[in-house]
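Each remark here refers to the structure printed beneath this line.
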Amino acid sequence: MNVFRKIGNAIARFMYGRNGMDQLNLVLMWVVLILDVVTMLVQRNHAAVSMVLYWLSMAGWVYVLFRMFSKNLSKRRGENQKFVNWVWRMKSSRAGAKERHADKDHKYFTCKNCKTICRVPVGKGKIIITCPKCGAQIHAKT
Ligand SMILES: [Zn+2]
């Protein structure tokens, strides 16, 4: 067995049962890398700022490594899932907002109870909308 394979196997054994890279870690790593670049750019003219950025990036690296080597898989997966869901929500709500803005015939209300978006026609005056999902009532003016 050559030495590279030995090292590879050792790493694989070490990483077994650990979280490794997930979407959240990948994004965090990019954020920290960008932070590092910014730190380098400002350190000549803004020593104090670059000091703060330096420690932020350090903390970032520690957190990334901690998540990578963590053996608490369910917790790490939960964090990652939350992050992925959040990104997805941001993406879809932005796309949805554009669409809703273009729609002049309807008004959109978000249910306070379950966050479902309800669509009603414009020009009906004061109405009470019953949420189709949870049945909560929304008082609205169209
Ligand atoms: Zn609802």
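Every number here is computed from the coordinates shown, using simple stated rules; none is lab data. Nothing here was measured: the structure is a model prediction, and the numbers come from that model. Note that we place each Cβ from the backbone using ideal geometry, even for glycine, and neighbour counts take in every protein chain shown.
Details
- Structure remark: mean-square fluctuation, Gaussian network model of the chain, C-alpha springs under 10 Å; the largest value among N113, N72, N25 belongs to N113.
- Principal-axis tilt of helix 47-69 within the chain, Cα atoms, nearest 10 degrees: 90
- For N19, the residues whose amide H sits under 5 Å from its own are S70, ignoring neighbours fewer than 5 places away on the same chain, with H placed 1.01 Å from N.
- From the alpha carbon centroid of segment 98-135 to that of segment 9-26 is 45 Å.
- Among the chymotrypsin sites (Phe, Trp or Tyr not before Pro) within segment 1-95, those in coil by DSSP and having at most 13 neighbouring Cβ atoms inside 10 Å are Y16.
- For segment 103-114, the Karplus equation 6.51 cos²θ - 1.76 cosθ + 1.60, evaluated at θ = phi - 60°, returns couplings of 8, 8, 8, 10, 10, 10, 10, 9, 5, 5, 7, 10 Hz by residue, with Gly and Pro reported as x.
- Annotation for segment 76-142: trypsin sites (Lys or Arg not before Pro) lying in DSSP loop with at most 14 further Cβ atoms inside 10 Å of their Cβ are K104, K112, K115, K124, K133.
- The amide H of A136, built 1.01 Å from its N in the peptide plane, has C131 as neighbours under 5 Å, considering only residues 5 or more places off or on other chains.
- Taking Lys and Arg as +1 and Asp and Glu as -1, the other residues whose beta-carbon sits under 13 Å from that of A12 total +4.
- The mean sequence separation of alpha-carbon pairs under 8 Å and at least six residues apart, normalised by the residue count of the chain, gives a relative contact order of 17 percent.
- Legend: Rg and Dmax of the chain, from Cα coordinates, 24.3, 79 Å.
- The chain - Cys residues lacking any other Cys C-beta under 4.7 Å: C118
- Distant-in-sequence amide contacts of C118, defined by a placed amide H-H separation under 5 Å and a gap of 5 or more residues or a different chain, comprise F109, T110, C111.
- Across q = 0.16, 0.18, 0.29, 0.34 Å⁻¹, segment 103-142 modelled as identical point scatterers on its alpha-carbon atoms has Debye log10 I(q)/I(0) values of -0.34, -0.42, -0.98, -1.19, in the order of the q list.
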